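The values are calculated or read from the model by the stated rules, or taken from the named source; none is laboratory data. This one's a predicted model, so the numbers in the text were calculated from it and none came from an experiment. Here the Cβ positions follow ideal geometry from the backbone for every residue, glycine too, while neighbour counts run over all protein chains shown. When the accessible area is computed, the model is the full protein with side chains, heavy atoms only, and any ligands, DNA or RNA have been set aside. Shrake-Rupley method; radii C 1.70, N 1.55, O 1.52, S 1.80 Å.
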Amino acid sequence: MSVRVRFAPSPTGPLHIGGVRTALYNYLFAKKHQGDFILRIEDTDQNRLVQGAEQYIIEALKWLNIEPNEGVGFGDGPYFPYRQSDRKNSYAQYAEQLIRNGFAYYAFDSEQELEALKNAIPNFKYDAVTRMQGKNSLTLSTQEVEQRIANKEAYVIRIKIPEDEIVRFADEIRGNVLVNTTQMDDKVLLKSDGMPTYHLANVCDDHIMKITHVIRGEEWLPSAPLHVLLYRFLGWEETMPKFAHLPLLLKPDGNGKLSKRDGDRLGFPVFPLEWTDPKTNEISSGYKQQGYLPEAVINMLAFLGWNPGTEQEFFSEEELINAFSLEHIHKAGAKFDFEKAKWFNAEYIKLLSNEKLADLVKEKINNLFGQQDANYLANAMALIKERLTFLNDVEHFSYLFKSIEKYESSSIEKINKIKDALDIQKLENLLNALPTESSSIEIALKEFANQNQLKIGDFMKFLRVSLVGELSGPAIPDLILLLGKEETTKRIKNCFIQL
Ligand code: GLU
């Protein structure tokens with residue numbers, strides 16, 4: 001049987017990086033086994049829907065290049081449609097089937113009646129012990145039940161959880177999971193508006209869509225016993241998917257789940273793309289907007305909860321697919337590591353060709369410093385590639401794109417003693433005749449310093465401040481080559497005047 005996995009988010013907000021990791025693990029697992037990866041939108045809880053969230057999920061998966069081969073936004077497959085609200089009429093039949101077979105029942109309890117039960121019974125839950133006090137098809141006569149339904153009275157359908165039984169299943173990550181049904185309650189499967197709840201829709205769709213492995217966050221582990229019972233009661237136990245519940249993503253500094261607040265507090269995004277809250281208009285930054293490369297985000301996320309069992313940290317997508325396995329997913333929560341995220345990004349930037357890097361930053365550069373020639377931009381990238389942690393860092397290198405407007409005052413102080421010793425006309429002549437190769441330029445500059453009794457260190461500092469505005473930056477011969485004779489001469493003369 002070929003592997004089929006799904007990412008099944010509810011569009012209740014932007015995708016958190018924990019959700020991205022779930023999508024990624026599903027994707028890697030599917031690819032590793034030449035299987036299918038499906039995106040299913042679980043939007044049966046219409047009250048919690050957030051405008052724009054579904055589109056955001058699709059865009060985020062596209063940016064990260066973890067694209068499903070079936071699903072909402074990615075093309076139809078054999079089990080179309082993939083949005084649960086578009087399948088809403090398909091679920092009631094399964095709830096009815098459960099009732100016919102004695103595994104579920106109609107419940108007519110009004111909100112006030114439920115409230116009264118809660119007040120009367122300490123720690124109330126609707127279950128094997130309390131259900132006989134409710135208004136449902138187990139306590140009312142068949143005739144009355146039929147009458148109520150004919151009168152269009154509101155009802156829900158609840159699962160009838162066995163009274164005292166152990167439900168067990170083997171989780172691929174946590175091993176054997178055992179839960180006594182006394183811990184469970186008679187969850188609603190079909191709501192009074194005819195919509196299924198998450199549990200019913202999720203199990204029915206996983207079965208219908210022939211899902212072989214359910215890989216999802218640990219927060220769904222408590223729901224798994226209920227799902228196991230549903231598979232059994234619906235007669236689908238034979239083809240029940242395997243379960244793998246992923247460890248939580250934790251705060252970098254302390255315990256507890258990683259939240260948006262941690263990101264705001266410590267300066268990293270928790271969303272892949274920028275998100276504008278449609279209600280408050282609050283904007284949250286995304287990895288993309290902060291200048292991360294999708295490959296780096298993927299590599300970093302792959303390691304939050306999994307390791308390859310070797311020392312290797314740097315993985316291309318293909319290598320990740322080959323190395324990935326559910327056995328190497330950890331049980332313990334994974335601490336988000338901001339430093340590691342930055343390191344991955346810097347390393348991935350270094351791997352880009354100059355042209356590709358130029359292409360990724362050209363919009364930003366052109367907006368900031370005016371239109372740049374594509375060749376020039378690629379050459380400029382060669383000089384600073386090693387210094388970038390984020391793509392956005394290019395904005396700190398204005399000296400590559402425009403003349404120096406301000407010299408750092410402490411740098412100027414360090415070079416002003418060269419003023420009396422330097423014959424600027426001679427230097428201009430040298431620049432005019434400068435060779436076109438970095439190492440020859442270096443030799444020519446040193447010779448010039450020697451011949452003119454200039455301290456080589458002071459001379460180089462002067463050139464650096466002239467070209468950069470401060471005492472940092474790439475190698476001087478490289479800078480001269482990039483800027484060209486004319487611009488170099490202009491900058492040097494300008495700086496000399498300021499001394
Ligand atoms: N709709 C659930 C969510 O929002 C999916 C849980 C599952 O994968 O079964 O995460």
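Observations
- Yes/no for Asp171 being among the acidic types (Asp, Glu), modelled with pLDDT under 95 and either under 30 Å from Phe37 (Cβ atoms) or open to solvent by 50 Å² or more (accessible area, probe 1.4 Å) (or both): no
- Residue within the range 249-264 that is outside any helix (DSSP H, G or I), more than 24 Å from the chain's Cα centre (by Cα) and either within 16 Å of the ligand (Cβ to nearest atom) or free of Cβ contacts under 8 Å to residues at least 60 places away in the same chain (or both) present: no
- Within the range 1-14, residues that are closer than 12 Å to Gln51 by Cβ sit with their Cβ atoms under 8 Å from residues that are more than 10 Å from the ligand (Cβ to nearest atom) and open to solvent by 30 Å² or more (accessible area, probe 1.4 Å), at 6+ positions apart or across chains, in these pairs: Pro11/Leu49; Pro11/Val50; Pro11/Glu54; Thr12/Leu49; Thr12/Val50; Gly13/Val50.
- Near pairs, Cβ below 6 angstrom, 6+ apart or cross-chain, from the range 446-464 (of a type in the set (Ser, Thr, Tyr)) to any residue that is surrounded by 12 or more Cβ atoms within 10 Å (Cβ to Cβ): none
- Members of the range 146-167 that are open to solvent by 60 Å² or more (accessible area, probe 1.4 Å) and either free of Cβ contacts under 8 Å to residues at least 12 places away in the same chain or aromatic (Phe, Trp, Tyr) (or both): Glu146, Gln147, Ala150, Asn151, Lys152
- Within the range 170-239, strands (runs of 3 or more DSSP E) holding 1 or more residues that are within 11 Å of the ligand (Cβ to nearest atom) and within 25 Å of the chain's Cα centre (by Cα): 213-217
- Within the range 334-349, the residues that satisfy the criterion of being in contact with a Lys or Arg (Cβ under 8 Å, 6 or more places away or on another chain) and open to solvent by less than 70 Å² (accessible area, probe 1.4 Å) are Phe336, Ile349.
- For the range 1-17, the candidate set comprises residues that are open to solvent by less than 40 Å² (accessible area, probe 1.4 Å), in a loop (DSSP other than H, G, I, E, B) and not hydrophobic (A, V, I, L, M, F, W, C); within that set, the residue that is nearest to the ligand (Cβ to nearest atom) is Pro9.
- Tabulated pairs, the range 201-222, first in contact (Cβ under 8 Å) with a residue 12 or more places away in the chain, second of a type in the set (Lys, Arg) and within 12 Å of the ligand (Cβ to nearest atom), C-beta under 6 angstrom, 6+ apart or interchain: Ile211/Arg6
- When residues of the range 270-283 are limited to those that are out of contact with any Lys or Arg (no Cβ under 9 Å at 6 or more places or on another chain) and in a loop (DSSP other than H, G, I, E, B), the one surrounded by the most Cβ atoms within 10 Å (Cβ to Cβ): Asp277
- Helices (runs of 4 or more DSSP H) wholly inside the range 18-136 that include at least 2 residues being loosely packed, with under 14 Cβ neighbours inside 10 Å: 92-100, 111-120
- Residue within the range 272-289 that is closer than 30 Å to Asn101 by Cβ and out of contact with any Cys (no Cβ under 7 Å at 6 or more places or on another chain) present: no
- Count - residues of the range 148-169 that are part of a helix (DSSP H, G or I) and among the hydrophobic types (A, V, I, L, M, F, W, C): 2
- The condition of being open to solvent by 80 Å² or more (accessible area, probe 1.4 Å), assigned to a helix (DSSP H, G or I), within 20 Å of Trp63 (Cα to Cα) and without any contact (Cβ under 8 Å) to a residue 12 or more places away in the chain holds for only one of Glu295, Glu318, that being Glu318.
- Which numbered condition Gln425 misses (of (1) part of a helix (DSSP H, G or I); (2) touching a residue at least 12 places away in the same chain (Cβ under 8 Å); (3) within 24 Å of Leu445 (Cβ to Cβ)): (2)
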